[in-house]
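Here is the structure we will look at.
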Amino acid sequence: MGKKHVFYIRKKLLIFLFLLLTKPSFGHDPNQNLPANKIFEKFNLPTVGESKPIGFYAKGCLSGGVQLSDTGPNWQIMRPSRNRNWGHPSVISYIKDLSKSATQIGWKGLYIGDIAAPRGGPMPYGHQSHQTGLDVDIWLTPPKSLTLTKKERDKIKAVSVRKKNLKEVNNNWTLNHAKILKAAASDNRVDRIFINAPAKIWMCENMEGSKKWLQKIRPIWGHHSHFHVRLKCPKASPECVKQKPTVTQISKSPTGCDNTLYWWVTKALEPPDPNKKKTIIKKKKGARDYTMNDLPKMCLNIIHGK
Ligand SMILES: [Zn+2]
């Protein structure tokens, strides 16, 4: 091996060592093109400064997240180890107000599921939305105690209110559930609420008085042990992207208690027609595939900010 060759290898080695040592130890290296959820999951704290939802519920992030306290007079957060009790102030005050209404209806309060991560953004598991601090899951389990330990709340099983046939509510469902949903949907801050179709059908068929509030309650798969409240974009939040079409635009009736609702417990449950030509559906990019390039540019400030 000639002297020149050895020198060449040494030079290469030095360059390699230099690159290794100067590589940033943490943070967002744009060349790596990491999934955004891998970046957001590293933050245990929000950014400082003004609270602002940025982007869309399922494609965005949260500036200045506010924490819902672990245990309040009428609520406890569930799965505390996930650290997903952060949101825009509008969702925090909404939860406090609704949990107070729950006590007037006859419950001890509410068990609160996921809101958002400290800086919002796509999550490594669980949800497509809940990214801007305006979504909250509320358990359909009536609280027996509001003094559960963190450990107990990481383990406790949520009660389902739906029969296994997917067509009706089961015996866990009560009139008080419906009253809480009514209070939840009648609040002007709410854009829409997602819950399983049998629960909405029960409310359409059994609730008295004006049923206009039912329009905001939207049937969806799952959601039989919690309901999901989505708030409107707050005032003075130009970066927040509204959901379109609106509930009024997609509804066939003022309550949504129509054939589009009953479809969920009839046609939707029929086995697929084997003679029907299979259409190949291209898999849509989901929240877990997003990189920082898919999110609003302002989210870069959120992952780089203090
Ligand atoms: Zn949810």
Checklist outcome for this item: The answer for residue 168, listing residues at least 5 apart or on another chain whose modeled amide H is closer than 5 Å to its amide H, is 163
Checklist entry - How large, in percent, is the carbon and sulfur part of the accessible surface of the chain at a probe radius of 1.4 Å? => result 57 percent
Checklist entry - When every alpha-carbon pair in segment 194-287 is counted, what percent end up more than 23 Å apart? => result 42 percent
Checklist outcome for this item: Residues whose built amide H sits under 5 Å from the amide H of residue 226, excluding neighbours closer than 5 in sequence, are 140
Next on the checklist: Can you give me the distance in nm between label points at residue 276 and residue 175, each placed 7 Å from the Cα along the Cα-to-Cβ direction?
Outcome noted: 4.0 nm
Next on the checklist: Could you tell me the extents of segment 246-306's C-alpha atoms along the three principal axes, largest first, rounded to whole Å?
Outcome noted: 52, 36, 16
Checklist entry - Applying the Karplus parametrisation 6.51 cos²θ - 1.76 cosθ + 1.60 with θ = phi - 60° to the phi angles of segment 186-191, what ³J(HN,Hα) value in whole Hz is obtained for each residue in order, glycine and proline being reported as x? => result 6, 6, 5, 6, 7, 8
Checklist entry - Under Stokes-Einstein, with the Kirkwood radius over Cα pairs standing in for Rh, what whole-number D in µm²/s applies to the chain at 4 °C and 1.567 mPa s? => result 60 µm²/s
Checklist entry - Once phi is turned into ³J(HN,Hα) by the Karplus curve 6.51 cos²θ - 1.76 cosθ + 1.60 with θ = phi - 60°, what whole-Hz value does each residue of segment 121-129 show in order, with x for glycine and proline? => result x, x, 10, x, 7, x, 10, 8, 9
Checklist entry - Can you list the lysines whose alpha carbon is less than 24 Å from that of residue 144, not counting same-chain residues fewer than 8 positions off? => result 96, 100, 108, 155, 157, 163, 179, 182
Checklist outcome for this item: Sorted by chain and number, the residues with a modelled amide H under 5 Å from that of residue 63, at a separation of 5 or more or across chains, are 52, 54
Checklist entry - Hey, got the Cα dimensions of segment 32-169 along the principal axes, in Å, largest first? => result 48, 36, 27
Checklist entry - With axes computed from alpha carbons, what is the tilt in degrees of helix 3-22 against the longest principal axis of the chain, rounded to the nearest 10 within 0 to 90? => result 30 degrees
Next on the checklist: Give me the 1.4 Å probe accessible area per residue for segment 74-195, excluding ligands and nucleic acids, in Å².
Outcome noted: 40 Å²
Checklist entry - For helix 175-185, what angle does its Cα long axis make with the longest principal axis of the chain, in degrees from 0 to 90 and rounded to 10? => result 60 degrees
Checklist outcome for this item: Helix-only [θ] at 222 nm, the chain, -39500 (n - 2.57) per DSSP H run of 4+, per residue, nearest 500, equals -8000 deg cm²/dmol
Checklist entry - At what distance in nm do the modelled label points of residue 45 and residue 159 sit from each other, each positioned 7 Å from its Cα along Cα→Cβ? => result 4.0 nm
Next on the checklist: I need the calculated FRET efficiency for the pair residue 67 and residue 243, taking r as the beta carbon distance and R₀ as 25 Å, to the nearest 0.05.
Outcome noted: 0.50
Checklist entry - Tell me, what HN-Hα J-couplings in whole Hz come from the Karplus equation 6.51 cos²θ - 1.76 cosθ + 1.60 at θ = phi - 60° for each residue of segment 272-282, using x for Gly and Pro? => result x, 5, x, 7, 6, 4, 7, 9, 7, 9, 5
Checklist outcome for this item: With residue 124 itself left out, Lys, Arg at +1 and Asp, Glu at -1 over residues whose Cβ is under 9 Å from its Cβ give +1
Checklist entry - To the nearest 10 degrees, how steeply does helix 89-105 sit against the main Cα axis of the chain, on a 0 to 90 scale? => result 30 degrees
Item to check | For the chain, size of Cβ-based charge dipole, Lys and Arg +1, Asp and Glu -1, in debye | outcome: 1120 debye
Checklist entry - If you count, for each residue, the other Cβ atoms within 10 Å and average over each peptide, how do 155-164, 89-98 line up from highest to lowest? => result 89-98, 155-164
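The values are calculated or read from the model by the stated rules, or taken from the named source; none is laboratory data. Model, not experiment: these values are computed from the prediction. So basically every Cβ, Gly included, is an ideal-geometry build from the backbone, and we count neighbours across all protein chains shown. We work out accessible area using only protein heavy atoms, side chains counted, and drop any ligands, DNA or RNA first. Shrake-Rupley method; radii C 1.70, N 1.55, O 1.52, S 1.80 Å.
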